[in-house]
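The values are calculated or read from the model by the stated rules, or taken from the named source; none is laboratory data. Bear in mind the structure is a predicted one, so any value in this text is a computation, not a measurement. Please note: Cβ atoms are built from the backbone with ideal geometry, for glycine as well, and neighbour counts cover all protein chains shown.
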Amino acid sequence: MQNPSKHRRFDNVCVWLKFDAISEINPGLNVGGGIAGGIEICITFPTEYVKTQLQLDEKANPPKYRGIGDCVKQTVQGHGVRGLYRGLSSLLYGSIPKSAVRFGVFEYLSNHARDEAGKLNSTRGLLCGLGAGVMEAVVIVCPMETVKVKFIHDQSSANPKYRGFYHGVREIIRTQGIRGTYQGLTATVLKQGSNQAIRFYVMTSLRNWYKGDNTNKAINPMVTGTFGAIAGAASVFGNTPLDVIKTRMQGLEAHKYKSTLDCALKIMRHEGVRAFYKGTVPRLGRVCLDVAIVFIIYEEVVKVLNTVWKTE
């Protein structure tokens with residue numbers, strides 16, 4: 001029997017798996033994925049900014065922001081439209097290596113989890129996605145997110161101290177060491193791991209439902225995008241509490257919390273359950289668009305490669 005890893009068609013498994021299979025023969029595509037992710041981040045980052053500010057806005061009388069619109073209004077009035085892009089550079093610089101780590105680890109794990117036909121079922125895909133999410137959290141996402149959150153939080157301070165990306169990173173490392181870029185690691189690992197696990201599982205399940213018994217049935221890009229948006233929404237509702245805890249653990253006031261559990265308990269005690277869902281709406285907008293765009297782009301890239309690179 002032929003080795004399925006050498007002769008598998010890209011359209012046999014979900015689009016995330018497809019892209020990983022392709023990246024094995026053309027690593028340059030990971031860079032392309034990173035560039036696509038960078039474009040998406042530039043489009044949707046203001047929603048990420050607003051989400052982070054709302055999550056950092058601890059309960060007060062009254063709180064600093066009265067809602068999404070008020071946060072945008074205050075930011076633009078105080079810092080101009082550019083203020084909505086504070087912290088963007090940290091996500092841009094991390095997007096390409098994050099993509100490479102995610103897809104590389106997922107490919108490694110999935111190659112050991114596929115059946116003899118080279119297919120991966122939803123449950124194993126979920127576990128491989130979980131492993132990839134944990135690895136990207138440790139290697140890339142935690143320091144990237146910590147810097148982003150500190151930049152956003154710094155802007156709302158009375159006397160901002162970071163003059164730019166490199167200056168900010170130097171100051172963080174100078175005053176807190178490398179450890180200062182790894183605040184909230186536990187929460188980040190939980191968030192990223194659950195993110196990828198949920199998205200892989202939902203997307204694979206939807207694709208399997210849509211195709212039914214016809215595994216070769218083509219999927220329209222709009223349908224792919226819709227499935228991606230649903231998968232993104234599922235991850236938002238499933239792990240926004242972890243995202244709130246992560247944001248608090250990475251902010252300038254992180255010293256108030258002894259641990260991830262202590263942070264969760266203090267939020268519950270002082271702000272109630274609703275605080276765990278701060279920033280859900282802006283996060284929902286960004287994540288749904290993000291995941292939909294990623295799935296559509298990967299699907300179209302796969303179609304091109306299936307034409308150019310003929311599998312046996």
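Considering 226, 240, the condition of being polar (S, T, N, Q), assigned to a helix (DSSP H, G or I) and either at pLDDT 90 or above or touching a Pro at 6+ places or on another chain (Cβ under 6 Å) (or both) is satisfied by 226 alone. Among the residues making up region 170-201, those that are of a type in the set (Val, Ile, Thr), within 17 Å of residue 140 (Cβ to Cβ) and without any contact (Cβ under 8 Å) to a residue 24 or more places away in the chain are 173, 178. Scanning region 244-288 for residues that are within 22 Å of residue 180 (Cα to Cα), part of a helix (DSSP H, G or I) and among the acidic types (Asp, Glu) turns up just one, 262. Go through 104, 125 for me and flag whichever is within 22 Å of the chain's Cα centre (by Cα), surrounded by fewer than 20 Cβ atoms within 10 Å (Cβ to Cβ) and in a helix (DSSP H, G or I). Criteria check complete, one pass: 104. Of the residues making up region 202-235, those that are charged (D, E, K, R) and closer than 24 Å to residue 127 by Cβ are 207, 211. Yes or no: residue 297 buried (at least 20 other Cβ atoms within 10 Å of the Cβ), in a helix (DSSP H, G or I), at pLDDT below 85 and out of contact with any Gly (no Cβ under 7 Å at 6 or more places or on another chain)? Judged against the criteria, residue 297 is a match.
Is it the case that some residue within region 80-90 is in contact with a Ser or Thr (Cβ under 9 Å, 6 or more places away or on another chain), in a helix (DSSP H, G or I), modelled with pLDDT under 75 and closer than 17 Å to residue 45 by Cβ?
Yes.
Does region 128-150 include one or more residues that are more than 24 Å from residue 196 (Cα to Cα), touching a helix residue (DSSP H, G or I) at 6+ places or on another chain (Cβ under 8 Å) and not in a loop (DSSP other than H, G, I, E, B)? Yes: one or more hits.
Looking at region 251-263, is at least one residue surrounded by fewer than 20 Cβ atoms within 10 Å (Cβ to Cβ), under 21 Å from residue 87 (Cβ atoms) and either among the hydrophobic types (A, V, I, L, M, F, W, C) or touching a strand residue (DSSP E or B) at 6+ places or on another chain (Cβ under 8 Å) (or both)? Taking every residue of region 251-263 in turn, at least one turns out to be surrounded by fewer than 20 Cβ atoms within 10 Å (Cβ to Cβ), under 21 Å from residue 87 (Cβ atoms) and either among the hydrophobic types (A, V, I, L, M, F, W, C) or touching a strand residue (DSSP E or B) at 6+ places or on another chain (Cβ under 8 Å) (or both). For region 153-173, a tally of residues being among the aromatic types (Phe, Trp, Tyr) and loosely packed, with under 13 Cβ neighbours inside 10 Å returns 1.
Applying the selection to region 227-260, what residues are out of contact with any helix residue (DSSP H, G or I) (no Cβ under 6 Å at 6 or more places or on another chain), of a type outside the set (Lys, Arg) and under 22 Å from residue 143 (Cβ atoms)?
Once the filter is applied, which keeps residues that are out of contact with any helix residue (DSSP H, G or I) (no Cβ under 6 Å at 6 or more places or on another chain), of a type outside the set (Lys, Arg) and under 22 Å from residue 143 (Cβ atoms), region 227-260 yields 253, 254, 255, 259.
Of all residues in region 67-82, those satisfying the criterion of being in contact (Cβ under 8 Å) with a residue 24 or more places away in the chain and under 17 Å from residue 57 (Cα atoms) are 68, 72, 75.
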